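A.B. asks: Take a look at this one; I'll ask things after.
The values are calculated or read from the model by the stated rules, or taken from the named source; none is laboratory data. Since the structure is predicted, the reported quantities are computational estimates derived from the model, not experimental observations. We place every Cβ from the backbone using ideal geometry, glycine too, and count neighbours over all the protein chains shown. Accessible surface is based on the protein model in full, side chains and every heavy atom, while ligands, DNA and RNA are left aside. Shrake-Rupley method; radii C 1.70, N 1.55, O 1.52, S 1.80 Å.
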Amino acid sequence: MSDIHANYPALKAIEEFVRPHRFHRIVHAGDFTVYGTFPNETIRWFREREHAVCIAGNTDRRVLDLLAGGELKKPRKEEKRVMYFWTCGHLLPENVDFLKSLPDQADLAIGDVRINVIHGDFDGEEGSSSPGAPEGWLRKLAKDSPHQVHVLGHTHVPYHKIIDGVHFINPGSVGRPFDADPRASFAILTVSSRKTAVEHIRIRYPVEQVIADLAKNGLPDIYAEMYRTGKKLN
Ligand SMILES: [Fe+2]
């Protein structure tokens, strides 16, 4: 998974869907926070799962900077900035500590297969405007990497590319998809020494519950459209 952005109802819908299956690991490639109103529920869910592999995303780092007294340089739009300030005002201390504990990348192995997890904000803070990671950037990563699989997030668009024999997998965004499909996006990765398989899955979740909670908290109603259509706001 990646880019939940505090959309706990979407995370719970995925949990329900995968409940009959068993997994070695749950991976989250960053951006736990901001835009949804459920950052504490989202982070607690991962804190309770020892086999979860989690890293920080650019949004999480911005939240931590702001909490440390830093200035919020981006985003500039007031309707976006208010979501960061709201998040900082509502995050419980134990969940701030969790965000602080997150690395920028993680390595894991399933059998002989080495997997790297990075958020993938390759183009500075606004890299998510790209529909997918630039091919040249992935090619360089493939050349320099000892890993057979890279899991990335950040673009909020699912993809699976094989470059020079290295797999690049973006499961898409759980809580804030940008590919005009409003359903929660995630992927199931199956690895063995002979084969790497990726299944991208989309799940419906109670979008209206997320929208209603934004309203309850007095947050901008422009996000209703984003959640209903699965399109980025600009
Ligand atoms: Fe994100």
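A.B. asks: Under a 1.4 Å probe, what is the accessible area of segment 168-234 per residue, stated in Å²? Write down the numbers at each step before the final one.
C.D. replies: Numbers: 3300 Å² over 67 residues.
In whole numbers, segment 168-234 has 49 Å² accessible per residue.
A.B. asks: Computed over the Cα atoms of the chain, what is the ratio Rg over Rh, Rh following Kirkwood?
C.D. replies: Details: Rg = 16.9 Å, Rh = 17.8 Å.
The Rg/Rh ratio comes out at 0.95.
A.B. asks: Which percent of the accessible area of the chain is formed by carbon and sulfur heavy atoms (probe 1.4 angstrom)?
C.D. replies: Working: 5500 of 11150 Å².
Using a 1.4 Å probe with all protein chains present, the chain comes out at 49 percent carbon and sulfur.
A.B. asks: Moving on to the next point. Using unit Cβ charges (K, R positive; D, E negative) and no other charged atoms, how large, in debye to the nearest 20, is the dipole of the chain about its Cα centre?
C.D. replies: Values: 31 positive and 31 negative charges, 81 e Å.
I would put it at about 380 debye.
A.B. asks: Go ahead and run the numbers for FRET between Arg25 and Lys77, Cβ-Cβ distance against an R0 of 30 Å, rounding to 0.05. Walk me through the numbers before you get to the answer.
C.D. replies: Numbers: r = 36 Å, r/R0 = 1.20.
Here the calculated transfer efficiency is 0.25.
A.B. asks: Which residue fluctuates the most in the chain, going by a Gaussian network model with Cα springs under 10 Å, if the choices are Ser145, Ser193, Ser101?
C.D. replies: In the Gaussian network model the winner is Ser193.
A.B. asks: How large is the accessible surface per residue of segment 16-100, computed with a 1.4 Å probe and reported in Å² as a whole number?
C.D. replies: On the way: 4460 Å² over 85 residues.
With the other protein chains kept in place, segment 16-100 gives 52 Å² per residue.
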